[in-house]
Every structure is written in structure tokens, then in C-alpha cells.
1. For LYS46, which aspartates and glutamates qualify as cross-link partners when the Cα separation must be under 14 Å and same-chain residues fewer than eight apart are set aside?
2. Rounded to whole Å, give me the distance from the Cα center of the range 197-255 to that of the range 263-303.
3. Under a Cβ-only charge scheme (Lys and Arg +1, Asp and Glu -1), can you give me the dipole magnitude of the range 284-417 about the Cα centre, in debye to the nearest 20?
4. Here are some pairs, LYS199/LYS283; LYS199/LYS302; LYS199/LYS224; which of them have Cα atoms lying more than 23 Å apart in this structure?
5. Out of the DSSP beta bridges found with both residues in the chain, what percent are antiparallel (nearest 5)?
6. Listed highest first by mean packing, meaning other Cβ atoms within 10 Å per residue, what order do 188-200, 87-99, 293-305 come in?
7. Taking θ = phi - 60°, what integer Hz values does the Karplus form 6.51 cos²θ - 1.76 cosθ + 1.60 yield along the range 347-360, in sequence order, with x for Gly and Pro?
8. Restricting to Cα pairs below 8 Å that are 6+ residues apart, what does the relative contact order work out to for the range 66-146? Please round to a whole percent.
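The values are calculated or read from the model by the stated rules, or taken from the named source; none is laboratory data. Everything quoted here is computed from the prediction, not taken from an experiment. A quick note on method: Cβ atoms are made from the backbone with ideal geometry, for glycine too, and the neighbour counts reach across all protein chains shown. To get the accessible areas, we keep the full protein, side chains included, count just its heavy atoms, and leave off ligands, DNA and RNA. Shrake-Rupley method; radii C 1.70, N 1.55, O 1.52, S 1.80 Å.
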Amino acid sequence: MTSVLTAAAPLQTFDVERVRGEFPALQQTVHGHPLVYLDNGATTQKPNVVIESLERYYYLDNANVHRGVHELSERATDAYEGARETIRQFLHADTVKEIVYTSGTTEAINLVAYSYASRNIKSGDEILITEMEHHSNIVPWQMLCQQTGAELKVAPMNDNGELILEEYEKLLNPRTKLVGMVYVSNALGTINPVKQMVKMAHKVGAVTVVDGAQAVAHIPIDVKDLDCDFFAMSSHKVYGPTGMGALYGKERILEEMPPFQGGGDMIDYVSFEKTTFNKLPYKFEAGTPHIAGAVGFEAALKYVQNLGLGVISAHERGVLQYATQRILEIPGVRIIGTAGLKCSILSFVLNDVHPSDIGTILNLHGVAVRTGHHCAMPVMQHFDVPGTVRASIGLYNNREDIDIFIEALTRAKQMLT
Ligand code: PLP
């Protein structure tokens, strides 16, 4: 078996054909057509190195982590903690104490809402988010506002799907205790100026939570440079397994936060009279974790790092530009999300055809896209559409994929209009 952590060798230039060969799921046909996978915003396909890492873990190393005295438990613990170090490096955090495993972005944001915000936010305070958030960065704050009496404020975007920074700034005030911001909108592809937004939020003393779910596969992340207080991510959006993710939090803030859930591993000492909690980051990790998930997450991050995020994003930018130009050749297409700074996402509507009808026909041509509200209903409300068709580009997509997609879309249009 190939070694688990031998990720792809560094490439001088981005060899997309070679990269495609490293993703077994891409080698299949769907409805008699070669699969064109353009649903990377929902989840990415996994390269061999990730699949092999999971296989090897379960074949050889499977054991519970921490406190085990036997060989397998030591191996599993080393792999699990080694993966944490890889995540730390990927995010450029100072210490592994700042990297908390979660099941994904959603759980990471909920952890902040329950553990940090429910303690530090009270009636009369304000939480500020943007109009282009995913439901994961709306609903936890709404629930918190209901519990505490705090108020949820929303910074608007313009009709290109760009945040109106002056409006955002106007909404910041000493009552703003927390700001949630999406780095890359999953519905529009907009890249937000999060570094600047964090700086502005800090001026009024607010704590910042960056939803990095759609950013990590496309943009190099440096949490110290961003200076955000929390950063949430999911493994499956960056070529790793589902059910796995991480929360970065500044050590000083995490230290002050109470545990999120109670159970094994998060404790230091338990008696019926009193329990004391484990140190960082374990106090936030109750119960047996997703050990294989961490192993696969590490393999995915190493894979991406070896290819180079700079090279990946340049390649994807070219494919997105090509797709944008080609789709505009089809009369009746309206692109939803035309920000100056975008990545990966091409969301659109076609005349008044229902997006799911388009998606269904594309599927018959082997083209996988997502249709609907993309868990960002307020974005759909802004653009007054029931939903969109969303093609989202990953590192293995090429211009040929786009040509097939455009051809299938043209056929769909002929059938539906
Ligand atoms: N935030 C954004 C911008 C997303 O695109 C997603 C998933 O689509 C999430 C949060 C939630 O991620 P997960 O379902 O992996 O927790």
C-alpha cells in the first residue's frame, strides 16, 4: 500500500490532468457520461492519499486515543495529535492549544455560541453578522439572542453580492460584542475583506468569528495575520473526510471559556462532589473523537499544501473566469454574485426556470451541480430568487468540464424554455 502521508509530490506548474487521476471518484461515468463534478462547495471528492490514510488507520492503527499503554493506542494518539499539529501549521496558529477538533464548521460556530457567547453576551448587547452568511453563522446567533435578549444586526451587501463596508462600519458600536463573518460566501463566491473587518470590529472591542468553510480550499489562511479570535473550518470542504473539522481560538480566550460538553477526555479529575477540567484544547473535546477523521483531515491538508494553495487558486481562478465567460454566452442567464473578488462559485438562474429542473437535466448529462437556497436563504431573498443553480469549482476541474457543463446547460435550456 502507498504510504498514508505521501501526499502528491510538489508540482512546478499545476498539472490538472495528473491531479484528476488522483481522485478515484472522478473516474466514473454517470448516466453514461464521464462525471463532471461541480459540487465542490457542498463537499469535495477525496484523493487517493486521503482514502488510503483512512484505510491504513482502520487496517493497522485503530485504537482509542490518550492514556492507552499499548502500541496501537500510542500510534492512534500520535496520529491524532500529529494531525492537530498539521492543522496548526495550515492555519499558522501559535500553538496546538488553539486547535480544537469539531465535527465541522457548524459545530465550531455552535461551540463559540454556547461556550463563549452565552457567558459573555447579555441583554442590550449586539451581535453583528453579514447578509451573506450561511445558516450555520446565522441560526446559532439568533438562538443566542433569544436566550439572552441580545440583538442580531445584519450588515447589508450590494447587488453584486459585496459587503457594503461603510454600512458594516456604521453598525459597529460599543454594544457590538461579537461579529460573525463568512470569509467566502458559499452562495455567491464573494471573498470578504475579513482582515479589515476584524480590525474594524476590534476597534469597538468585539470578538470576531470567521466562518472559513469555503475559504480553506482556495485561500492560504493565516489566523495570526487575520487576527481573528475564532476561525471555523470543515475537513470535507478541503478534500478530507466528513464529520471532521476544527475551531481555532486565541489561547487567552479559550482559556477563559467553560467546556462545551461534559464527558470523557475533557476532565482532569471527577468526583461526585466536584469535577475539574482538562487543559486546552482537550477541555472542549468530550468523548471518543473521530480519530480516523483527523488522520484523513491531515492527509488532505498535506495534499493541498504540497500542491500549493497559491497554484491551486490561480488554476481555479482561470477555470472560474472561463466558466463565467462561457455561461454569459447563453441568453437568459443571470449570474447571482458578481463581486470583484470571488472564488470557486458560479451561481445563476436561467429565465424563470426552476433551478432544480436544470440540475436534474444536468445530472442526466453526468454534470453534478447544486440547486436551491444553499443554506443561505437571506441571500436568495436579497436577489429575489427561490434558489440558484450553483457550479462550484475545485482543484481538479478543467476547461473541458466547463465545456461539457455549458453544453448540457444549453440542452437543458432547449428542453425547459
Ligand atoms: N459555512 C459555509 C460558508 C458553508 O458553505 C458551509 C457548508 O456548506 C457551512 C458553513 C457548514 O459547514 P458544515 O456543514 O461542514 O458544518
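1. Cross-link targets: GLU22, GLU55, GLU298.
2. Centre-to-centre (Cα) distance: 19 Å.
3. Roughly 160 debye, rounded to the nearest 20.
4. LYS199/LYS283; LYS199/LYS302
5. The antiparallel fraction comes to roughly 60 percent.
6. The packing order, highest mean first, is 293-305, 188-200, 87-99.
7. 9, 7, 10, 10, 6, 10, 6, 5, x, 5, 5, 5, x, 5
8. Reported as a whole number, the value is 22 percent.
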